[in-house]
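Written out below as structure tokens is the structure these notes cover.
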Amino acid sequence: VLPRLRSATAGSFYLQQLIGGIDIDNIQAGLTVAPSDKGALPQLHIKDFRASLFNGTISTPAIIYDLNQPDSSFTVQLKTIDLPPLIKLINMDNLQVSGRISGAIPVTVKGTEIAVDNGELHNEPPGGEIHYSPAGMNPAGITGYALKAVEHFRYNSLKSTARYLPSGQLDLDIRLQGTSPRLATDRPVHLNIHAEQNLPALLQ
């Protein structure tokens, strides 16, 4: 018995700051409502979503969210995200990273579940530095060589693939290329790192 709702004119949305596990600033988007062929409730059309995050921006040109069947897929573009405040979330005092990253994150929403598959991130030129000094780890063998390299690592290439499961598990495969003064060589050093983290637990 509900009427077929639609927007007479396009609307807009602006939120100065969203405070949570990760603070997001200057959230803005265009909004329209359109009838849905899946039920009586309308579709929400979100256009030109943009927000500030870690001194960079996140954006997506269009999101269609059907209130009858809350499933949606869209790609979030990340541009010049600053790594120091992002790494600070991990709460590791012995890890410092500099540089900026950009990339694309394909997001799938099904009900209350969110997933990401084949997200891709890369560094902005000229790169940055990593300083990592783990305590209590055996510095022998190949592991010791890698740990010595990241005590002071200057990277010119950082590429990462990201996968996020509805359970909250975040998987990152990171490929680094650069040089390490700690290894006393000018030869390029290539590092492959796999990291796993439960993101909801991290944000809490």
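The values are calculated or read from the model by the stated rules, or taken from the named source; none is laboratory data. This one's a predicted model, so the numbers in the text were calculated from it and none came from an experiment. Neighbour counts run over all protein chains shown; Cβ positions are idealised from the backbone, glycine included. What goes into the accessible areas is simple: the full protein's heavy atoms, side chains included, and nothing from ligands, DNA or RNA. Shrake-Rupley method; radii C 1.70, N 1.55, O 1.52, S 1.80 Å.
Remarks
- Selection count, region 168-204, where residues are in contact (Cβ under 8 Å) with a residue 24 or more places away in the chain and either among the aromatic types (Phe, Trp, Tyr) or outside any strand (DSSP E or B) (or both): 11
- All of 134, 106, 125, 70 fail the test of being open to solvent by less than 50 Å² (accessible area, probe 1.4 Å) and modelled with pLDDT of 95 or more, apart from 106.
- Some residue of region 138-159 being touching a residue at least 12 places away in the same chain (Cβ under 8 Å), open to solvent by 30 Å² or more (accessible area, probe 1.4 Å) and within 17 Å of the chain's Cα centre (by Cα): yes
- Scanning region 8-32 for residues that are within 20 Å of the chain's Cα centre (by Cα), in a loop (DSSP other than H, G, I, E, B) and of a type outside the set (A, V, I, L, M) turns up 20, 21, 23.
- When residues in region 78-103 are screened for being surrounded by 15 or more Cβ atoms within 10 Å (Cβ to Cβ) and not charged (D, E, K, R), 13 of them pass.
- Residues being of a type in the set (Ser, Thr, Tyr) and within 29 Å of the chain's Cα centre (by Cα) are entirely absent from region 33-49.
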